[in-house]
Amino acid sequence: MAFSSVTTQPLPFGVEREKHIDLLFRTFHRQIRPAGDTQDLTLVLQDRGDHEGPANTHTESKTLGKLTALRTVTRLHITARPELQGPQCVARRTYSICSENRDQLFVAVEESSCMCMQCCGPARSCSLRGFDKDSECVFLFERPLRADMCCLGCCLMEIRAYTAERELIGTVHQRWSMFTPYLEVCDSEGISAMRIQGSCCNTRCLSEQELQVVSTIGESIGRIWKKWPGYNDKCNMDHEYFGLDVPQEMSLNTKVLLLAAAFLLNHMFFEMS
């Protein structure tokens, strides 16, 4: 029985090690072949593609049709649209998602309950649906109810990203940290792809904030920010302007996951109403 329990454990490096060795062998074999033989080069590039991005190719191929607008994007501006003022309960919020050229790409609609919005505030459970210019749903973010300012390592913040067909793209989890914001971005299989880190003791009162997106090897690959757009005498929405900066070559699924992380961070640290 003990032998069976040991042999059924998954190998820590098995398949990845074999792929890596195969990749090195093909690269070496290609170098000693004539320059005109490009078959092995194609195989090497295909093998490299298997390791890129936090989400698998099968999932990403199903999001390409409706999210191609994100392929060339390097910056996303997210602005909350002002709602009606007065003593009322609005359980829905609308956000405009624009590119670096301020061209509107999507409209995100947040839906929650009136009680959850008023009583739970930043820790509320909600769903965010993204719609393109043709009013078709292109992504779905779901956030479960969690405890705000929790000092223990349980009930931490989380948001899940889905395609329009409700296929999981990945999740963003808050990890316990004493003073600094720390979130982990995982693919659909739960494998950590990158993390998000902020400065010590973030507070909502700051007019400008910035959190770094860091790869698993510690390289900075993007940032999520909040800025003050300026005084608006018509509505108090100065705090509802945030966004993210990402490299253009980043995969679509990764950009969608970071977009979900931006909304989660807005609830956790940016939003003030």
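Here are the numbers for this structure:
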| item | result |
| --- | --- |
| Filter result for LEU257 (modelled with pLDDT of 80 or more and touching a helix residue (DSSP H, G or I) at 6+ places or on another chain (Cβ under 8 Å)) | no |
| Any hit, the range 179-200, residues being among the hydrophobic types (A, V, I, L, M, F, W, C), touching a Ser or Thr at 6+ places or on another chain (Cβ under 8 Å), more than 17 Å from VAL246 (Cβ to Cβ) and modelled with pLDDT under 95 | yes |
| Within the range 98-147, tally of residues that are in contact with a strand residue (DSSP E or B) (Cβ under 9 Å, 6 or more places away or on another chain) and assigned to a helix (DSSP H, G or I) | 2 |
| Candidate set: the range 139-165, residues that are within 13 Å of LEU264 (Cβ to Cβ) and either modelled with pLDDT under 80 or not assigned by TED's automatic domain parsing to the domain that holds SER113 (or both); chosen: the one surrounded by the fewest Cβ atoms within 10 Å (Cβ to Cβ) | ASP148 |
| Boolean, LEU168 is more than 23 Å from ARG92 (Cβ to Cβ) and modelled with pLDDT under 95 | no |
| Residue tally, condition at pLDDT below 90, at negative phi and among the small types (Gly, Ala, Ser), over the range 98-128 | 4 |
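The values are calculated or read from the model by the stated rules, or taken from the named source; none is laboratory data. None of the values given here were measured: they were computed from a predicted structure. Every residue, glycine as well, gets a Cβ built from its backbone with ideal geometry; the counts of neighbours run over all protein chains shown.
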